[in-house]
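The values are calculated or read from the model by the stated rules, or taken from the named source; none is laboratory data. Since we're looking at a predicted model, the values are computed, not measured. We place every Cβ from the backbone using ideal geometry, glycine too, and count neighbours over all the protein chains shown. The area values use the complete protein model at the heavy-atom level, side chains included, leaving out ligands, DNA and RNA. Shrake-Rupley method; radii C 1.70, N 1.55, O 1.52, S 1.80 Å.
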Amino acid sequence: MNPFKSKILFIVFIISFLSFSVVTAESMNLEDLKSDDTYVYSYFNAILDDYDTTINDMIQNNISYVNESKLLFEKTAYLNSEISIYEEYGMNTPAKTVITPFYNFSKNLEDLSGLCQEFNKNIELNTSSSKYFSKIIGSNIIEKINLMKSNLQDINDLSELKKDEKTLTFDTSNIEKSLDYLELKFTKHIENIGNVTPSSNLTVLISPENPLIYENTTIYGTGLTGNGKIVITGPENITENIVLKNNHYSTDYSFNKSGIYTLKLTQYGRESEAIEVNISKIPTKIISENYFEFLVLKENNILGKVIDFYGNPITSGEIFFENKTLNLKNGTFTIYTYSDYEKMNNCTLKFVETEKYLSSEKNIEINFSKPILNIQIYSEIGKIDKNEPLMITGTFEKVQDLNLNLWVDNTSLENFNSNGTFKKEILFERPGNYEVFVTFDGNDYYDLSKSNVLMINVTDKDNDLNLLATSIYKAVEVNWKILILIIAILAFGIKFSDILNIFKNKTQETASKPEFNNSLPERSEKSTVVEKTVVLEYQELYNKIMKKYNINVEFTPNELLKYLKKINPKIYYDLKIITKIHEKAVYGKEKLDNNTLKQFHDLIKRVLENL
């Protein structure tokens with residue numbers, strides 16, 4: 001292990017556990033990362049730019065590189081964790097093929113940041129011992145830089161991201177140049193320090209300064225060349241024998257119990273100034289989805305796992321959920337939950353602290369909603385003559401007698417009860433195309449539901465025969481008229497062009513006379529007015545909701561509905577019905593009856609009052 005390992009890894013882990021969601025909200029869209037190669041490519045290209053900025057700040061000794069490297073590590077660590085969750089739930093993301101070399105580079109950049117801090121601190125002390133340690137740290141910095149160059153080569157070799165037929169490759173040349181310059185800088189520093197020997201003063205140091213139990217640490221310092229002892233007192237009392245060379249020593253050690261320890265070096269009857277070290281328990285993190293949507297009246301499962309600082313599953317322990325205590329099995333847990341009515345629960349999962357692990361918590365939301373009643377209808381024929389009976393057969397999951405509505409287009413024909421199967425006969429008095437469907441208004445167990453839609457074509461055989469006879473009669477009539485005209489031309493010498501103009505005028509006059517009334521256009525005009533009214537009212541509601549919750553992105557009606565489901569359940573169910581009516585009128589071009597329009601207006605008013 002590197003004796004001068006970054007001292008802030010533990011702090012970074014704690015901060016990242018608390019701030020992962022903040023970093024994500026500001027910088028990434030996980031849905032896009034899950035589905036789009038070009039988004040993944042753009043996202044990671046931006047990270048490359050951030051790498052270059054951070055390394056240049058190291059070159060210029062701008063202390064901002066500390067926070068920059070920390071944030072970059074948090075981003076990639078969080079994304080790496082999310083990809084693991086995606087995999088466990090059977091979802092794939094192109095980011096999976098990219099994350100490993102970026103994660104490795106981010107981690108090494110974080111380590112490099114700590115080394116640079118350690119180097120600068122020892123240079124400022126300007127003692128023989130600090131200069132000696134600076135040379136060792138400088139060598140470790142150069143070694144770390146070479147490892148990061150290897151990470152960059154792994155990034156260059158990535159070839160899985162595509163745009164059409166083109167492979168999207170990353171350009172790391174600027175970062176390589178910056179690393180070369182940083183390497184040259186520290187090489188010069190080491191050369192300028194020259195040959196130094198640490199003082200013989202007895203000192204003891206530890207890296208990292210605040211380690212975890214079982215974490216590899218390095219105890220190092222100065223003293224006289226020869227034998228010495230590290231005396232460790234605390235929850236465990238231990239003495240480590242060491243050998244000093246060139247007035248310097250370094251030994252690896254790990255603590256098995258948490259608590260505060262005192263360390264000192266003893267040698268030839270002398271002892272160093274003691275230092276105190278706080279050994280912490282291992283931080284943990286609960287990994288699960290943040291939001292669950294379950295059906296009422298069914299047993300549902302919440303799956304999750306608990307991992308430690310190193311990403312390893314915690315083999316044993318307890319999870320608290322509401323009034324239940326569950327035991328971990330190989331780091332995983334399953335919570336069974338049930339509700340017989342609709343509700344939104346905000347719950348807390350808590351991992352209980354043990355002798356080895358710190359406790360952790362995760363807040364989750366659980367939304368219980370009613371299922372849609374699966375109503376299926378069918379007919380043996382899709383084309384029928386008017387006034388002939390059409391038999392509609394329907395089924396749904398048999399639970400109890402339910403009250404259903406039979407619709408043709410937007411007209412309710414019949415309200416009836418059924419226990420799972422039904423047959424209904426329909427007579428169409430006019431020819432045309434009709435939509436037939438069945439609806440259920442909902443109850444304590446099922447939500448508002450609609451069956452599949454049957455498209456029925458109704459014809460008029462009698463009218464077709466009449467049209468045919470009329471056509472034949474008109475054809476014969478036209479032929480007689482032509483014959484009479486020819487005789488007139490021959491008998492009276494009338495110019496043919498005059499006859500042709502008379503015939504054209506007569507034909508145009510006949511064509512201008514409509515053969516049907518205007519009732520259908522009146523209905524279409526009315527439907528258009530209704531649609532505009534629905535659109536305007538919904539748009540007003542939509543704008544007020546967006547302003548109320550300070551939403552800056554464009555949502556579709558269904559996306560807005562899903563968003564409000566989490567933050568305002570009070571208006572969610574009213575908005576759900578409003579959205580369905582809006583879809584019928586605008587997208588489905590359905591004619592809304594007066595009852596539906598009244599319901600739409602009343603619900604709009606109620607939602608506005610509750611905003």
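Brief remarks follow.
- Local electrostatic count at GLU191 - Lys and Arg +1, Asp and Glu -1, tallied over other residues with Cβ under 15 Å: +3
- A simple rule links phi to the HN-Hα coupling: the Karplus curve 6.51 cos²θ - 1.76 cosθ + 1.60 with θ = phi - 60°, which for segment 235-248 gives x, 10, 10, 9, 10, 10, 7, 10, 10, 9, 10, 6, 6, 9 Hz, with x for Gly and Pro.
- Estimated vicinal HN-Hα couplings, Hz - segment 118-127 in sequence order (Karplus 6.51, -1.76, 1.60; Gly, Pro = x): 4, 4, 5, 5, 5, 4, 5, 5, 6, 10
- Rg/Rh for segment 375-464 (Cα atoms only, Rh after Kirkwood) is 1.02.
- The string of couplings for segment 447-461 from the Karplus curve (6.51, -1.76, 1.60, θ = phi - 60°) is 7, 3, 9, 9, 6, 5, 9, 9, 9, 10, 9, 9, 10, 10, 5 Hz, one whole number per residue in order, with x for Gly and Pro.
- Once you reduce segment 425-447 and segment 376-413 to the center of their Cα atoms, the two points are 6 Å from each other.
- For the peptides 203-216, 427-440, 538-551, the ranking by mean Cβ contacts within 10 Å, running from highest to lowest, is 203-216, 427-440, 538-551.
- Area accessible to solvent at SER418, 1.4 Å probe radius, in Å²: 10 Å²
- Under 12 Å from a label point set 7 Å out along the Cα-to-Cβ vector of THR533, the amide N atoms of segment 573-611 belong to 592-602.
- In plain terms, if you count all Cα to Cα distances in segment 50-170 and split them into 10 Å steps from zero, the share in each step is 12, 34, 30, 15, 6, 2, 0 percent.
- Rg then Dmax, both in Å and based on the Cα atoms of segment 215-327: 23.0, 77.
- Taking a point 7 Å from the Cα of THR348 along the Cα-to-Cβ direction, the residues of segment 297-325 with backbone N closer than 16 Å to it are 319-325.
- Residues whose amide H comes within less than 5 Å of that of PHE294, counting only those at least five positions distant or on another chain, are ASN367, PHE368, SER369 (H built at 1.01 Å from N in the peptide plane).
- Pairwise inverse Cα distances across segment 203-279, averaged and inverted, put the Kirkwood hydrodynamic radius at 12.4 Å.
- Amide proton proximity set for HIS248, modelled H, under 5 Å, gap of 5+: GLY223
- Between amide H atoms placed 1.01 Å from N, distances below 5 Å from GLU215 occur with PHE255, all of them 5 or more places distant or on a separate chain.
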